[in-house]
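The values are calculated or read from the model by the stated rules, or taken from the named source; none is laboratory data. What you are looking at is a predicted structure, and each value in this text was computed from that prediction instead of being measured. Ideal geometry is used to build each Cβ from the backbone, glycine not excepted, and the neighbour counts take in all protein chains shown. Side chains included, ligands, DNA and RNA excluded: accessible areas come from the protein's heavy atoms. Shrake-Rupley method; radii C 1.70, N 1.55, O 1.52, S 1.80 Å.
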Amino acid sequence: MLTPISLTPSFGFGDRLGLATPGHIAAVHGTGLAPVFAQQSVRENTRTGRTPQQVLDDARRAVEAAGWDAPWGADADHLKSVDDFPPFVEAGYTLFTVDPGEHVDNAASVDPLTVLMEKAKGLDWDRLAKSYLKSTTDQLWGSFDKESLKRAAVKYGRAIAHTASMYQRLCTMKDAFDFEISVDETDDPTTPLEHYFIANELTEAGVKFTSLAPRFIGRFEKGVDYIGDLAALDVEMARHAAVTKHFDTYKISLHSGSDKFSVYPLLVKHWGSRLHIKTAGTSYLEALRTLAVTESALFERIWTLGLERYAEDRATYHVSADPQKVASSLSLAALLDDFHAREILHVTFGSALMRFGNEIKATLVKHMDAYNANLQNHFRKHLDLLK
């Protein structure tokens, strides 16, 4: 049943080809996680040439064919303006993820005081001071002084207002839905204190949100494991978890969750079942893994195109792959296990689908058993860590 999932632990399966849902169903069956089988952003729809309705219809057909009768969701991901809503609302999506990153003032974290004070002139300082400077006891996530409060309010104030206006608009278009706020694609990490500020301001504004995706410390790049100090992340996540426990109304959301195998145990440690994880391009990479074995000539052309397009296509992603560091001795199949090659193939998916989309899909249809097996094996590596 396509329905809002609310606070049930959940897992998002992005499918850029419209063929992966059978493998996703096989992987998630019996895990207790509520699946989001249809998950696509406006950016991804543009690059794949698919509409929100097509994405949902592809997932629904697979769900019905498999006889899946448990709740499942559909995520309109990384929406930036109210103009993005209509096609997702009309199609029947159940989760709406708002990305107000363009309204975040990243410089506020380091602005000189004179610049910060100028930016803060429009703030309702009396209200903010009354709300955030009254506590004399430090919480695990920290406490505000005047400067840190100004920095948080300047950094996130416009983003919070934008999110609230989008929520209010969505309420006029749809009765029941899950709502997520995503600030994970910003330049600066979201501190636990800023996390508290965002959650509290949204709550005070009447925004009923199901999940929130902060920008954690370290690097959560596409299709590869976490890059950074896991011990420091553990400590930081404990402080973020204290914030979510304080409100007890939403779950944490991890974006770029593909292949973050070292991070999953920390998520379970700190949030238990109050979590949502999003993956996207890793299903596309498993499609390429299938092609590397079944149609190596096609895969080789995709890889060559990826090398040509990487410099331009990487512009809208946080990735650090270097084509010069891909060993020339690697077999085609081994490229799917190489850090640099995985990221190159991941972010050039739009170019590959524009050039070879029909051929890729036709080949996968001929080898669906192999593709489904690869998907099931790969996602079981993810899901088994969330038990």
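Scan region 328-343 for residues that are open to solvent by 40 Å² or more (accessible area, probe 1.4 Å), free of Cβ contacts under 8 Å to residues at least 24 places away in the same chain and assigned to a helix (DSSP H, G or I) and jot them down.
ASP337
Any residue at all in region 311-326 that is over 30 Å from GLY30 (Cα atoms), touching a Ser or Thr at 6+ places or on another chain (Cβ under 7 Å) and either of a type in the set (D, E, K, R) or crowded, with 18+ Cβ neighbours inside 10 Å (or both)?
Yes: region 311-326 contains one or more residues that are over 30 Å from GLY30 (Cα atoms), touching a Ser or Thr at 6+ places or on another chain (Cβ under 7 Å) and either of a type in the set (D, E, K, R) or crowded, with 18+ Cβ neighbours inside 10 Å (or both).
Is there a residue in region 248-257 that is open to solvent by 10 Å² or more (accessible area, probe 1.4 Å), modelled with pLDDT of 95 or more and within 20 Å of VAL183 (Cα to Cα)?
Yes: region 248-257 contains one or more residues that are open to solvent by 10 Å² or more (accessible area, probe 1.4 Å), modelled with pLDDT of 95 or more and within 20 Å of VAL183 (Cα to Cα).
Working carefully through the options GLY18, GLY32, find the one that is open to solvent by 30 Å² or more (accessible area, probe 1.4 Å), more than 18 Å from the chain's Cα centre (by Cα) and not hydrophobic (A, V, I, L, M, F, W, C).
So the residue among GLY18, GLY32 that is open to solvent by 30 Å² or more (accessible area, probe 1.4 Å), more than 18 Å from the chain's Cα centre (by Cα) and not hydrophobic (A, V, I, L, M, F, W, C) is GLY32.
The rows are residues; the columns are (1) open to solvent by 80 Å² or more (accessible area, probe 1.4 Å); (2) without any contact (Cβ under 8 Å) to a residue 60 or more places away in the chain.
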{"residue": "THR114", "(1), (2)": "yes, yes"}
{"residue": "ALA152", "(1), (2)": "no, yes"}
{"residue": "ALA164", "(1), (2)": "no, yes"}
{"residue": "ASP187", "(1), (2)": "yes, no"}
{"residue": "LEU193", "(1), (2)": "no, yes"}
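I'm checking my understanding of the structure. Among residues of region 200-229 that are over 20 Å from the mean Cα position of the chain (by Cα) and surrounded by fewer than 18 Cβ atoms within 10 Å (Cβ to Cβ), which one is farthest from PRO4 (Cα to Cα)?
Ranking the candidates gives ASP229 first.
Look at PHE261 and say whether it is touching a residue at least 40 places away in the same chain (Cβ under 8 Å), open to solvent by 30 Å² or more (accessible area, probe 1.4 Å), over 16 Å from the mean Cα position of the chain (by Cα) and within 28 Å of THR8 (Cβ to Cβ). Walk me through it before giving the result.
Numbers: touching a residue at least 40 places away in the same chain (Cβ under 8 Å): yes; open to solvent by 30 Å² or more (accessible area, probe 1.4 Å): yes; over 16 Å from the mean Cα position of the chain (by Cα): no; within 28 Å of THR8 (Cβ to Cβ): yes.
Criteria not met by PHE261.
Restricting attention to helices (runs of 4 or more DSSP H) lying wholly within region 205-320, give those where 2 or more residues are out of contact with any helix residue (DSSP H, G or I) (no Cβ under 8 Å at 6 or more places or on another chain) and farther than 30 Å from ALA352 by Cβ.
230-247
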